[in-house]
Amino acid sequence: MNLKKDKILIIGSDSFHDEQVEKVFERFADLEIDKKVYYGDEFDYEDFVFFISSLPLFSDLKVALVKKTEKLKKVEDILSTVSKSESVIIFLSGEEKAAADFKKCENIKIINEPKKNKYSDLNLISDMFSEIGIKLSKLAAEEIYEMCGKDFGIVKNEVEKLKIYYAYKKPEGENEILEKISYAKSENVFDFIDSFFDKNKHKCMKILEGMTKNNENLAPLFYMLSKRLMQIAVYKINPALINERQFIMEKIKKNAANWSILELSKCSDLFVKIDYGSKVGMADIDNDIITLLGLI
């Protein structure tokens with residue numbers, strides 16, 4: 001086992017990080033490991049150098065895990081030290097730009113998360129549920145995808161919960177499964193969506209204030225708002241193109257009567273800008289949702 005080769009930069013989502021790190025640790029399953037975690041935005045260089053340079057005393061192997069690598073400063077100095085170390089060192093980043101300096105270092109292996117599309121994501125969700133004996137329609141998989149803010153880390157957690165819940169019984173149907181998903185239980189999310197497309201700004205502000213006070217994750221709210229917007233727009237073009245459960249169809253039909261094509265277009269433009277901001281790390285979801293409220 002050549003430990004000097006185990007210098008890795010993993011670029012991708014949190015769930016991809018977890019998956020790849022788990023694979024690394026599986027290789028050392030029979031070893032006693034001394035692990036230490038560092039963060040790029042509060043990086044202690046001296047402590048890091050001491051940890052990766054000193055020999056393990058009460059373990060077989062030292063592993064340094066560096067999160068938020070894109071926040072690191074003096075990367076070249078760090079990599080110079082890393083290349084001489086016998087420790088396993090894993091860098092994690094959610095941003096591709098982190099790879100620039102690492103590509104200059106021959107000893108670093110770079111692992112990028114494969115590019116995905118919506119359909120491959122939905123297939124992955126279906127596979128995750130199949131593994132615990134639950135079959136999902138594409139429609140249900142998409143709803144779970146949106147509920148969890150398109151975050152596979154959250155989806156994985158929900159699958160684990162359902163695996164335990166349905167260990168000795170089978171779900172009665174997809175509606176029951178959706179009700180068990182954490183975000184599906186949040187009445188605030190669905191109340192906000194209904195109030196937004198009913199153009200009830202006062203109620204939206206009241207719900208948003210409560211969600212913020214309780215530190216609720218607003219990312220799923222944004223994605224589910226954008227989904228309803230798309231459904232309303234498509235419904236106005238051709239209702240036959242919408243395939244949804246009946247009670248959702250009634251809401252879409254009601255919403256479509258309240259919104260003109262021009263209003264939907266303006267709203268869509270703003271959603272696109274906010275979504276782009278989230279992808280380049282410039283999103284402020286609280287303020288973004290308040291900006292959306294300016295449209296009603």
Going residue by residue through the range 117-122, the Karplus relation 6.51 cos²θ - 1.76 cosθ + 1.60 with θ = phi - 60° gives ³J(HN,Hα) values, rounded to whole Hz and with x marking Gly or Pro, of 10, 4, 5, 5, 5, 5
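Considering only protein heavy atoms and a probe of 1.4 Å, how much of the accessible area of the chain is carbon and sulfur, as a whole percent?
On the way: 8780 of 17210 Å².
Accessible surface attributable to carbon and sulfur in the chain totals 51 percent.
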Relative contact order for the chain using alpha-carbon pairs under 8 Å, separation at least 6, rounded to a whole percent? 15 percent
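Taking GluC sites (Glu not before Pro) as exposed when DSSP calls them loop (any state but H, G, I, E, B) and at most 10 other Cβ atoms lie within 10 Å, what is the longest stretch of the chain free of them, the sites themselves excluded?
On the way: sites that count: GLU32, GLU106, GLU131, GLU172.
In the chain, the maximal stretch lacking such sites is 173-296.
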Under the rule that an exposed site lies in a DSSP loop and has at most 16 other Cβ atoms within 10 Å, name the longest stretch of the chain with no chymotrypsin sites (Phe, Trp or Tyr not before Pro) of that kind, not counting the sites themselves. 169-296
Whole-Hz couplings from phi, Karplus 6.51/-1.76/1.60, listed for the range 21-33; x for Gly and Pro: 5, 4, 5, 5, 5, 4, 5, 10, 4, 8, 9, 7, 10
Translational diffusion coefficient of the range 124-216 at 37 °C, 0.692 mPa s, Stokes-Einstein with Kirkwood Rh over Cα pairs, in µm²/s as a whole number. 227 µm²/s
Once amide H atoms are placed 1.01 Å from N in the peptide plane, what residues at a sequence separation of 5 or more from ILE110, or on another chain, have their amide H within under 5 Å of its amide H? LEU9
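How much length, in nm to one decimal, is gained on full extension between GLU172 and LEU139, taken as 0.36 nm per residue of separation minus their Cα-Cα distance? Let's see the in-between values first.
Values: separation 33, 0.36 × 33 = 11.88 nm, distance 1.68 nm.
Computed gain between GLU172 and LEU139 is 10.2 nm.
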In nm², the average projected area of the convex hull spanned by the Cα atoms of the chain is 18.7 nm²
Kindly provide the helix-only [θ] at 222 nm of the chain, computed as the sum of -39,500 (n - 2.57) over DSSP H runs of four or more divided by all residues, to the nearest 500 deg cm²/dmol? -17000 deg cm²/dmol
What is the extension gain from THR81 to ILE261, computed as 0.36 nm multiplied by their sequence separation minus the C-alpha to C-alpha distance, in nm to one decimal? 58.9 nm
Label model pair LYS103, ILE248: point-to-point distance (7 angstrom along the Cα→beta-carbon line) in nm is 4.1 nm
Less than 13 Å apart at the alpha-carbon level, and either on another chain or at least 8 residues along: which aspartates and glutamates does that give for LYS254? ASP194, ASP198
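Per residue, what volume in Å³ does the Cα convex hull of the range 217-264 take up?
79 Å³
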Counting only residues 5 or more apart in sequence or on a different chain, those whose built amide H sits under 5 Å from that of ILE33 are ASP60
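The values are calculated or read from the model by the stated rules, or taken from the named source; none is laboratory data. All values reported here derive from a predicted model rather than from experimental measurement. Methodologically, a virtual Cβ is constructed for each residue, glycine included, from the backbone with ideal geometry; neighbour enumeration extends over all protein chains shown. Areas reflect the complete protein model, heavy atoms only, side chains present, ligands, DNA and RNA absent. Shrake-Rupley method; radii C 1.70, N 1.55, O 1.52, S 1.80 Å.
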